[in-house]
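The values are calculated or read from the model by the stated rules, or taken from the named source; none is laboratory data. All values reported here derive from a predicted model rather than from experimental measurement. Ideal geometry is used to build each Cβ from the backbone, glycine not excepted, and the neighbour counts take in all protein chains shown. Side chains included, ligands, DNA and RNA excluded: accessible areas come from the protein's heavy atoms. Shrake-Rupley method; radii C 1.70, N 1.55, O 1.52, S 1.80 Å.
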Amino acid sequence: MNQKNDGDLIAELGFETQIKQWLLEDDYRLNALRIAEQLKLDDWMLAAGFIRNLVWDKLHNIQTELNDIDFIYFDPNDISADRDAQIEAELNRIAPMYPWSVKNQARMHLRNQHHQYASSLDAMSYWPEKQTAIGVSSQLTASSILTSSSTFELSASSQPVELTLHSPFDLACLFDLSLQHNPKVKRRVFKLRLRQKAWLQTYPKLRDNGR
């Protein structure tokens with residue numbers, strides 16, 4: 001009887017289940033989710049490299065650091081950059097160990113010269129590569145702990161969460177070690193990001209399918 005390879009085992013378990021399992025085993029990311037959830041922003045999630053890099057790290061058996069944590073939400077009632085800055089400042093106050101980057105997706109169409117997005121998921125459907133367009137939100141299943149010094153208790157065992165993954169694309173593309181151009185975006189933008197991010201150097205098993 002032939003022994004199954006890693007790809008077969010992951011396929012059986014399910015891509016979504018596998019990602020959630022990896023997140024639940026990652027104290028750093030799990031605590032970031034617990035903190036983000038406390039803000040109760042509309043249509044929020046931690047996205048992009050927060051999930052993408054986790055999967056690629058696991059498939060390469062390495063551990064890379066996150067340059068930033070993309071905290072996205074959707075609130076058309078206040079699309080000012082100042083609002084994002086205020087939220088980011090609050091996150092930096094309560095959890096300065098995390099490299100927060102906050103963006104209201106209800107205003108990002110202006111920077112990208114697109115039509116008005118309808119949601120965070122709709123906004124992600126315009127991100128340059130499919131593998132980046134994934135996020136996760138959480139819901140606490142136990143009451144959170146706020147200390148008297150106004151900092152969150154970050155004990156990995158104290159705050160169980162339920163995780164929900166969000167992506168406009170098939171999660172399988174994250175596991176097939178490809179980099180796929182999103183046809184909604186100009187190809188030169190995709191190619192520029194590949195050079196700037198140096199993913200092919202960090203993750204040598206990846207291949208560029210964005211021809």
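Points to keep in mind about this one:
- Pick from segment 26-51, criterion of a type in the set (Phe, Trp, Tyr) and either open to solvent by 10 Å² or more (accessible area, probe 1.4 Å) or in a strand (DSSP E or B) (or both), ranking: nearest to Thr132 (Cα to Cα): Trp44
- Every residue from segment 17-54 that is without any contact (Cβ under 8 Å) to a residue 12 or more places away in the chain and either touching a Cys at 6+ places or on another chain (Cβ under 6 Å) or among the aliphatic types (A, V, I, L, M) (or both): none
- Any hit, segment 183-198, residues being within 14 Å of Arg52 (Cβ to Cβ) and either in contact with a Lys or Arg (Cβ under 7 Å, 6 or more places away or on another chain) or of a type in the set (Phe, Trp, Tyr) (or both): no
- Every pair of residues 6+ apart whose Cβ atoms lie under 6 Å, when the first sits in segment 173-191 and is closer than 22 Å to His60 by Cα and free of Cβ contacts under 8 Å to residues at least 60 places away in the same chain while the second is part of a helix (DSSP H, G or I) and open to solvent by 60 Å² or more (accessible area, probe 1.4 Å): His181/Arg187
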